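See structure below.
What follows draws every value from the coordinates through simple rules; no lab data is involved. Keep in mind the model is a prediction, meaning the values are calculated, not measured. Using ideal geometry, Cβ is built from the backbone for each residue, glycine included, and neighbour counts are taken over all protein chains shown.
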Amino acid sequence: MPVLSLHELIAHHVQDGQSVALEGFTHLIPFAAGHEIIRQQRRRLHLIRMTPDLIHDQIIGAGCAERLTFSWGGNPGVGSLYRLRDAIEKQWPQPLAITERTHAEMAVAYQAGASGLPCGLMRHYVPTDLDRARPAAAAAMLRCPFTGEPLLAIPALNPDVTILHAQAVDREGNVLIRGIVGAAREAALAARTLLVTVEAQVERLEAPLNAIVLPHWMVSAVSIVPGGAHPSYAAGCYERDNRFYVAWDDIAREREHFQAWMRDYVHGSADHAELLRRLQVAA
């Protein structure tokens with residue numbers, strides 16, 4: 001399991017046109033990896049995430065994505081993602097196709113992919129506008145062969161690349177994730193390539209109750225990126241930068257302001273450490 005610089009991690013493993021899942025639920029969101037994708041100007045990506053937030057707003061606004069599969073998108077606790085809305089409503093900077101699912105459907109799709117199945121099953125609920133709005137290939141009704149009950153079949157998600165952020169990796173390449181896990185484990189198992197940025201490399205992992213350890217044989221490559229989840233948090237390492245989430249509402253609202261911020265901070269920083277210094281973040 002190679003340890004690479006973040007630049008090498010993205011350059012070697014993320015290519016134009018791939019499906020890329022950047023998971024993380026409230027914390028451990030791989031912002032540093034997303035910024036490097038933007039710096040390297042990847043294009044035509046199919047982004048996948050249960051709850052896309054600021055980093056997806058940035059990737060979409062930077063023109064890197066042509067499709068998004070998700071269940072909820074927004075600036076948590078603040079409001080809209082204006083770059084996501086602009087892409088859907090006005091095709092700026094380019095059109096963005098979306099496949100919208102429920103949280104449960106995303107979880108079932110990841111689990112099916114992680115299990116090597118072509119689809120996953122769940123009970124069907126009362127029909128909603130979501131059923132009528134999404135593509136026919138996104139879900140299919142069927143009857144249970146044993147009970148006759150209505151079921152919903154959800155196509156499996158198998159990202160070309162899943163990118164996670166985690167607290168630590170040991171010398172053998174085993175990765176520790178603690179705190180809220182979200183869909184990280186399933187997204188990792190479902191992926192064809194698993195990339196992980198971590199806060200630190202340690203001799204031995206201390207895995208408390210409810211933590212998960214991703215074994216080294218699952219992991220394609222690791223990059224050590226302290227503060228790599230900022231402005232989200234990393235449980236046990238640093239807190240959420242709530243001020244940045246509030247500030248993003250104004251940064252992203254207008255195209256010109258967004259472009260200026262991306263130019264000054266993301267493109268204007270050689271790496272994540274420099275970006276944090278420019279933002280005056282202690283991580």
Relative contact order, percent, segment 104-155 [alpha-carbon distance under 8 Å, six or more residues apart]: 40
Residues N242 and H103, FRET efficiency given R0 of 22 Å [Cβ-Cβ distance, rounded to 0.05]: 0.40
Within the chain, percent of DSSP bridges classed antiparallel, to nearest 5: 35
Nearest-0.05 FRET efficiency for R44 and E172, computed from C-beta distance (R0 35 Å): 0.50
Three-way shape label, segment 110-203, alpha-carbon gyration tensor, a/c 1.5: prolate
Per residue convex hull volume, Cα atoms of the chain, in Å³: 131
At R0 = 30 Å, FRET efficiency that the Cβ-Cβ distance of V126 and F25 yields, to 0.05: 0.70
Dipole of the chain, positive direction: furthest Cα of L68, M262, G148, with charges on the beta-carbon: G148
GluC sites (Glu not before Pro) within segment 124-218: DSSP coil, no more than 13 neighbouring Cβ in 10 Å: E172, E203, E206
Relative contact order of segment 151-248, pairs being alpha-carbon contacts under 8 Å that are 6 or more residues apart, as %: 30
Estimated inter-spin distance, S5 and D249, nm [label 7 Å along Cα→Cβ]: 3.9
Segment 104-155 pair-distance distribution - Cα-Cα, 10 Å bins, rounded %: 24, 55, 21, 0
Rounded if a/c under 1.5, otherwise prolate or oblate - segment 1-71, Cα gyration tensor axes: oblate
Label zone at A137 (point 7 Å along Cα-to-Cβ), backbone N below 15 Å, segment 62-83: 67-69
Estimated 222 nm signal from helices in the chain, with DSSP H stretches of n ≥ 4 weighted -39500 (n - 2.57), rounded to 500: -8000 deg cm²/dmol
Local electrostatic count, W261, Cβ distance below 13 Å [Lys/Arg +1, Asp/Glu -1]: -1
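First check a/c for segment 145-188, with a ≥ b ≥ c the square roots of the eigenvalues of its C-alpha gyration tensor; if it is under 1.5, answer rounded, and if not, answer prolate when a/b is larger than b/c or oblate otherwise.
Taking the square roots of the gyration eigenvalues as a ≥ b ≥ c, segment 145-188 is prolate.
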Rel. contact order, % - alpha carbon contacts under 8 angstrom, at least six apart, the chain: 22
Environment charge at L121 (Cβ cut-off 13 Å; Lys +1, Arg +1, Asp -1, Glu -1): 0
